[in-house]
1. Which are the unpartnered cysteines of the chain, meaning those with no other cysteine Cβ under 4.7 Å from their Cβ?
2. For segment 250-346, what is the Kirkwood hydrodynamic radius in Å, using each pair of distinct C-alpha atoms?
3. Report, to the nearest whole %, how much of the accessible area of the chain belongs to carbon and sulfur atoms, 1.4 Å probe, protein only.
4. Please label the shape of segment 100-248 as rounded, prolate or oblate, based on the square roots a ≥ b ≥ c of the eigenvalues of the alpha-carbon gyration tensor (a/c under 1.5 means rounded; beyond that, a/b larger than b/c means prolate, else oblate).
5. Any chance you could look up the accessible area of Thr310 with a 1.4 Å probe, heavy atoms only, rounded to 10 Å²?
6. Under a cut-off of 17 Å between alpha-carbon atoms, report the lysines in cross-link reach of Lys12, not counting same-chain residues fewer than 8 places apart.
7. Per residue, how large is the accessible surface of segment 149-263? Use a 1.4 angstrom probe and give square angstrom.
8. For segment 299-371, what is the accessible area per residue in Å² when the probe is 1.4 Å?
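The values are calculated or read from the model by the stated rules, or taken from the named source; none is laboratory data. This structure is a prediction, so every number in the text was calculated from the model and none was measured. Cβ placement follows ideal geometry from the backbone for every residue including glycine, while neighbour counts extend to all protein chains displayed. These accessible areas exclude ligands, DNA and RNA; they are computed on the full protein's heavy atoms, side chains included. Shrake-Rupley method; radii C 1.70, N 1.55, O 1.52, S 1.80 Å.
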Amino acid sequence: MAGLYLHVPFCKQACHYCDFHFSTDRSSGSELCQAMAHELIIQKDYLKETITTIYFGGGTPSLLTRQEIDLLFNTIHFHYSVAPDAEITLEANPDDLTKEKLKELHEAGINRLSIGIQSFDDALLKFLNRAHDSHSALQCLENVRETGFTNVSIDLIYAIPNLSEKIWEETLRKALTFSPEHISSYALTIEERTVFGNWSKRGKLHPMEEEPAARQFEMLMDILSDNGYEQYEISNFCKPGFYSKHNSSYWKGAHYLGIGPSAHSYNGISRQFNVRNNAQYIRSIGKKEIPFERELLSPENKINEYILTTLRTVWGCDLNFLTTQLNDDLILRKGDYLSLLKQQNLVVISENILKLTQKGKLVADKIAEDLMLPV
Ligand code: SF4
C-alpha cells in the first residue's frame, strides 16, 4: 500500500487565505508538466510497494489539459505498479468543471473528485477571493453526477469572519442536497504569508473568536452526523465506506512519493521536501537532479507524528503500538494527565486505544500538544 501525490502548482488567482505553493503565471505549465513526468522516472524506485492511491493536488489540478494528464498517467503506468482498483483523486475548482471538462477527466481515469466549493455565499466567496461564484458551485455539482462521478468530495470553510451561524447552516444544508460521498471542512486559519495575514497584521482583519468558531464546528459535526456522515477524522466526514483512501493511508503511516514543486515524500525513515519554486524545479529536473531537502526522523519525531495524526482519527492512538514499536509508554509518561482528560470526558481509552470524545475534538490540538514529547 503506497500513495503517489502530484502537485500542480498553478492557480487562476490567489485566494486571500492560501499559503500552499502555486503561481498565477501559467506560462511554464507544459514545461513543468514535462519536468514532473521526468521526476516520476527518476524517482521510480523510491516506493517498493504497489501504488493504491494517486492524488493530483495543488494548486489547481483541474487546470491540467487532457494531454498533460495523459502524459502523467502514461508515465506512471509504464514505470510503476498501480493496483487495478486504485483510488485516483483530482482536486478541482468549480469554475473549471464544465460538462466537457468533467467528461474528459472521467475518460482519462480520474475516479474521485475533490471540489473546492468552500461556500455557496457570493459575498463570502468574493471576500476569500475565490475564482468562482455560487452559481458555478451549484452548477458543477449537478454536472458531476450527470457525468457519472460516484465518489465526490467537497471542501467547505467555516469560522470565516462575517460567517453567521445562519449562513453556515444554509451552506451545510445546501451541500447535503447533492449528497456528496465525502466532505472536508476546515476552520479558516490566518497564515502569515497571505493577504489575510497582511490584513491581520495591519488590524484590518480579525479572526473569528474561539467560542463562535467552536459553535460552528459543533454545528458541522451535528448536522453531518444527523445526515449519516461519519467523522472519521477531525476535519473529514464521509458516507459509509467512502473514506479518502489516500489521506487515510497518510494517517496510518503508509509510504508515499510526492512529485512536483513543494511536494513531500515519506519512506518510513525520512521525509523529503521538494523546492517551492517552479523555475528552480524545472532547471534541476533538466539536470536530472531532484531539488529536495531531507529530514531524518528522530524517535521523538516519530512518536509525536504518530500521536498527532492518529488522535485526530476514528481509529485512535494505539497505546500498544506506541509501546512496542516506538518505545513510548504513554500511560507511564502521561498517566495523570490522561486520567484528568478521562474525568473531564475529553478522551476514552478502550482496549488500549486512546480516542477523543466529541467534547475532546473541540480541543484536539491542545491535547495532542500536551501528549507530545519536547523536540
Ligand atoms: S485555488 Fe486552492 S491552491 Fe489555489 S490559491 Fe485558492 S485555495 Fe490556494
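1. Among the cysteines of the chain, those whose Cβ sits 4.7 Å or more from every other are Cys11, Cys33, Cys140, Cys238, Cys317.
2. Taking every pair of different Cα atoms in segment 250-346, averaging 1/r and inverting gives 15.8 Å.
3. 50 percent
4. Prolate is the answer for segment 100-248, as a/c is 1.5 or above and a/b outweighs b/c.
5. 10 Å²
6. Those lysines meeting the cut-off are Lys101, Lys126.
7. 46 Å²
8. Roughly 55 Å² per residue, with all protein chains present.
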